[in-house]
Amino acid sequence: MPPTHDPSSAAPPEAVTPLLRGADVLRRLTDAGGRMPVGELERAAGLARSTVDRITATLSRMGYVRVEGRDVVLAPRLLELGNAYLASVRLPDLLGGLADGLADALDESVSLAVADGDGIRFVHQATRRRAMSVSFRIGDLLPAERTAPGALFASEWNDGVWARWRERRAVDPGELGFPAVPRGTAGSGDFERRVEEARERGWAVDDQLIEPGLVALSVPVRGPAGRIVCVLSAVSHSSRHDAGSLPEVLLPRLREAAAGMERVLREAPPAPPAAPAAAAGLASWTGASKQELGREFVESLARGLTVLTAFGEGRETLPLTAVAEATGLARATARRALITLEHLGCVAVDGRAFRLTPRVLSLGFPPLSRTTLTRIAQPHLAELAARVRESTSLAVLVGDEVQYTGRVETSRIMNVHITIGTRFPAYATSMGRVLLAGLAPEARAELLARTEPAALTPYTVTGRAELAALLEEVGRQGYALVDEELEVGLRSIALPVRDRAGRVVAAVNVALHSARRSREECVADVLPELARAIDGIEADLHVTERFARVPAY
Ligand code: PHB
């Protein structure tokens, strides 16, 4: 397997150069935490500025990056590539709930990791928020010898993997190929001995190998064929457990959970093939993009990355023909893309069947999967504010109040002073009304019953029955428009943000001085722009939530 950062290392002659370069750019951005100045990217990737610009323009057209001033920033849509891998292997879908349940039962963080060459990569994290320790993200890669799962996976390594492991240790003693490793830490102990122990016992511990204070206990989860498909770990802190007490206290429950997971893997019916995420109209989409952007759009890069989305649920292994069909690409084009992706370590081939590898997660997953709704919404709020030339905000419901979690201000025409964290009574605000309208009927009635609406202005609706009727109407029409009920002269219009399951999780508004736009103008001119911003936020939220938990802020 080639080292992460040498895209040119003996690429096969059929390899698609723009795809090699584009993937390298995405990995560098990922390793840098999701953002890099374009000049730095140019130097790091060793490419001409014009080449970086074309790659960036193409990735930006795909929704995979954004350009913010001088920075290139990874964008949530890129997660569709890692999602294709995770959906295709099904591990988080089948086992994630059991891992979450174990984390609740133990009140410790629990993770699932798979083997990636001579490293381990996390595919699920059920994290307890605790001070004092790092927590790794979905997609993070760690050297096998610095972890407990690594010792278990290495018990199945053949001579080839051991040779690669020795070579990597020799050429990369500083572990630069593993950006998730906490810096300034060292020590892998006697790995070969620990691998032997892990093989004999069927479990392994990490006694502060990866991070001072972090202790972990791991057990294998075997597939129906008897091979380890992933490793289940419970992670604790040396202040609660040491390497001796950890197995004593946690091993029985960890083993029980692993046995449950093995049962699920044995008994799960095959996944019904989902429609590939790849746009069936890829050919026409790339054609139109080419027309529009000309030289700036690199079709072979766009096509090559899209090949990854041909895989997914019920589509774990695909022959070339199926990849070509799902993407609408000519067989020869799909074949060259697959050969390139195989060289990059993102695709593996068994006979005629291609499948994705965990390395697909190195294309953006760690920084993009650990985010918040507020961060996801921010660029959309900025765009909306610029289009309507008014301030816009994001808020969530906390008790019977709305709490602002995001805001883009264009002017300070209002007296109300709003900052992140500001709370207002939900009943008197447009965001509050869409949030209340999104509650289940019983919850809404209960909340209204314990609210004592106060007249904040002469126009505030304070009657409970009247408010209930207004919320019904908001539910029907989908938006809320509130006039001078919070402050005289302030008009605002809001729409809800829904998660993948369709639940209302937040609201976005545009607030303006009532002299600037009439109610009718708000509905005719502002509402469509607001709806566009909501579409953008929801698309990003849904692709992020597929395998990651997204807190509000
Ligand atoms: C984890 O963060 O889940 C983790 C870290 C180190 C290990 C095992 C698991 O050795």
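The values are calculated or read from the model by the stated rules, or taken from the named source; none is laboratory data. Since the structure is predicted, the reported quantities are computational estimates derived from the model, not experimental observations. So basically every Cβ, Gly included, is an ideal-geometry build from the backbone, and we count neighbours across all protein chains shown. SASA here: full protein model, heavy atoms, side chains in, ligands and nucleic acids out. Shrake-Rupley method; radii C 1.70, N 1.55, O 1.52, S 1.80 Å.
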statement: Summing +1 per Lys or Arg and -1 per Asp or Glu among the other residues with Cβ less than 15 Å from A268's Cβ gives -1
message: I'd like the trypsin sites (Lys or Arg not before Pro) in the stretch 359-403 restricted to DSSP loop residues with at most 16 other Cβ atoms within 10 Å, sorted by number.
response: R389
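Tell me the Kirkwood hydrodynamic radius of the stretch 91-267 in angstroms, computed as one over the mean inverse distance between distinct C-alpha pairs.
Final number for the Kirkwood radius of the stretch 91-267 is 16.1 Å.
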- prompt: Within the accessible area of the stretch 373-544, what % is carbon and sulfur when the probe is 1.4 Å and the other protein chains stay in place?
  reply: 50
- request: Mind running the shape call on the stretch 167-262? Use the C-alpha gyration tensor, a ≥ b ≥ c as the square roots of the eigenvalues: rounded below 1.5 for a/c, prolate if a/b tops b/c, oblate otherwise.
  value: oblate
- request: Find the relative contact order for the chain and round it to a whole percent, using C-alpha pairs within less than 8 Å whose residues are 6+ positions apart.
  value: 15
message: Restricted to Cα positions, what overall size does the stretch 328-401 have along the principal axes? Three whole-Å values, descending.
response: 59, 30, 18
- request: Mind checking the per residue accessible area of the chain for me, 1.4 Å probe, whole number of Å²?
  value: 42
Distance from the stretch 313-368 to the stretch 523-553 (C-alpha centre basis), Å: 29
statement: Taking the chain and counting helices only, DSSP H stretches of n ≥ 4 at -39,500 (n - 2.57) each over all residues, the nearest-500 ellipticity at 222 nm comes to -13000 deg cm²/dmol
field: Portion, in percent, of the accessible area of the stretch 91-267 that falls on carbon or sulfur, probe 1.4 Å
entry: 50
field: Values of log10 I(q)/I(0), in the order q = 0.08, 0.14, 0.15 Å⁻¹, for the stretch 373-544 under a Debye, Cα-only, solvent-free model
entry: -0.21, -0.66, -0.77
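Note down the relative contact order for the stretch 373-544 as a percent, whole number, built from C-alpha pairs under 8 angstrom at least six residues apart.
Taking the mean separation of contacting Cα pairs over the length of the stretch 373-544, I get 24 percent.
Over 44 Å apart: what share of the alpha carbon pairs of the chain falls there, rounded to a whole percent?
The proportion of pairs with Cα distances above 44 Å equals 25 percent.
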task: With a point put 7 Å past each Cα toward its Cβ, work out how far V264 is from A48 in nm, to one decimal.
output: 5.2
- line: Among Y427, V497, L470, the residue whose Cα sits farthest towards the positive end of the charge dipole of the stretch 373-544 (+1 at Cβ of Lys and Arg, -1 at Cβ of Asp and Glu, taken about the Cα centre) is V497
- prompt: Which of the peptides 240-249, 67-76 is most tightly packed, and how do the rest follow, going by the mean number of other Cβ atoms within 10 Å of each residue?
  reply: 67-76, 240-249
statement: In the neighbourhood of P12 defined by beta carbon distances under 12 Å, the net charge of the other residues (Lys, Arg +1; Asp, Glu -1) is 0
statement: Scoring only Lys, Arg, Asp and Glu (+1, +1, -1, -1) among other residues with Cβ under 15 Å from the Cβ of G463 yields -3
